[in-house]
Amino acid sequence: MTYLLLPGAGGDARSWDLVADRLRARGHHVVAPDLPGPDPAAGLQTYADVAVAALAGRARPVVVGQSMGAFTAPLVAARVPVELLVLVCPMIPAPGEPAGAWWAATGQAAAYRESETRAGRDPDAPLDPATLLLHDVAPDVAERLLAEDREEAGRSWDDPWPLEAWSDVPTRVIVGARDRLFPEAFARRVARERLGVEADVIGTGHLPALARPDELAARLLACAPATA
């Protein structure tokens with residue numbers, strides 16, 4: 001099986017390194033491209049161009065999108081035959097919706113504030129990637145990822161999501177029980193409302209590929225029965 005692993009905002013493929021190693025150890029082919037997040041001229045169609053080109057014609061991949069990668073994953077499925085879409089802690093788009101408008105449209109801010117308050121954290125504190133996204137990631141892994149800060153720039157936030165409907169490819173959603181950015185109840189609601197899918201839950205924060213790569217790799221393998 002071929003797995004196409006798409007990163008979230010910033011487009012840093014290193015976030016998939018640990019999972020990619022585990023999938024390859026099981027004999028699968030893994031494609032994990034950087035997406036051009038720091039390029040202010042790169043829009044969603046350019047992201048899809050990069051992802052499809054990275055596949056180099058490999059047939060029927062499982063396409064996995066982390067967070068903002070959910071905006072790109074179905075665009076790949078619209079261009080090439082895909083076995084399965086798997087969305088991890090995702091921003092699930094609606095037709096015509098820019099990524100920059102997703103937050104207000106889904107009610108993320110209210111869900112974040114409620115979750116942080118319930119956990120005893122200050123919802124008005126400055127956003128710090130170390131505490132928001134990497135709180136359950138091993139310090140050496142977090143340090144390596146933070147060493148090269150890739151910011152999502154410009155057009156990718158503003159491009160309306162171009163599909164008229166979600167792909168008819170089977171889709172699975174995995175959400176984090178300890179995700180501070182997209183709290184579990186919020187993420188599960190969005191999956192139900194936008195895809196009619198009941199999300200699976202993994203016991204991590206927003207980046208399970210870094211926090212629990214063994215468990216996430218096992219779940220990706222289990223999602224595609226033909227790989228067993």
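The values are calculated or read from the model by the stated rules, or taken from the named source; none is laboratory data. Predicted, not measured: the structure shown is a model, and the values here were computed from it. Neighbour counts are summed over all protein chains in view; Cβ atoms, including those assigned to glycine, are modelled from backbone coordinates with ideal geometry. For accessibility, only protein heavy atoms count, side chains too; no ligands or nucleic acids. Shrake-Rupley method; radii C 1.70, N 1.55, O 1.52, S 1.80 Å.
Descriptive notes on the structure:
- Condition met for Arg79 (more than 21 Å from Leu133 (Cβ to Cβ), modelled with pLDDT of 95 or more, of a type in the set (Lys, Arg) and over 18 Å from the mean Cα position of the chain (by Cα)): yes
- Inter-residue pairs, beta-carbon under 9 Å, first over 18 Å from Ala130 (Cβ atoms) and in segment 165-183, second in a loop (DSSP other than H, G, I, E, B) and charged (D, E, K, R), 6+ apart: Val169/Glu83; Pro170/Glu83; Val173/Glu198
- The lone criterion from (1) touching an Asp or Glu at 6+ places or on another chain (Cβ under 9 Å); (2) closer than 21 Å to Pro213 by Cβ left unmet by Leu84 is number (1).
Quick grid of which residues meet (1) farther than 18 Å from Trp161 by Cα; (2) crowded, with 19+ Cβ neighbours inside 10 Å; (3) touching a Lys or Arg at 6+ places or on another chain (Cβ under 8 Å); (4) not hydroxyl-bearing (Ser, Thr, Tyr):
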{"position": "Gly10", "(1), (2), (3), (4)": "no, yes, yes, yes"}
{"position": "Asp21", "(1), (2), (3), (4)": "yes, no, no, yes"}
{"position": "His29", "(1), (2), (3), (4)": "yes, no, yes, yes"}
{"position": "Pro40", "(1), (2), (3), (4)": "no, no, yes, yes"}
{"position": "Thr46", "(1), (2), (3), (4)": "no, no, no, no"}
{"position": "Leu75", "(1), (2), (3), (4)": "no, yes, no, yes"}
{"position": "Leu87", "(1), (2), (3), (4)": "no, yes, yes, yes"}
{"position": "Ala101", "(1), (2), (3), (4)": "no, no, no, yes"}
{"position": "Thr106", "(1), (2), (3), (4)": "no, yes, no, no"}
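- If you go through segment 144-185 and pick out every residue that is open to solvent by less than 30 Å² (accessible area, probe 1.4 Å) and either assigned to a helix (DSSP H, G or I) or basic (Lys, Arg) (or both), you end up with 1.
- Subset of segment 1-22 [among the charged types (D, E, K, R) and either assigned to a helix (DSSP H, G or I) or modelled with pLDDT of 95 or more (or both)]: Arg14, Asp17, Asp21, Arg22
- Of all residues in segment 40-52, at least one satisfies being of a type in the set (Phe, Trp, Tyr) and touching a Ser or Thr at 6+ places or on another chain (Cβ under 9 Å).
- Exactly one residue among Arg219, Arg188, Arg192 is assigned to a helix (DSSP H, G or I), out of contact with any Leu (no Cβ under 8 Å at 6 or more places or on another chain) and free of Cβ contacts under 8 Å to residues at least 12 places away in the same chain, and that residue is Arg192.
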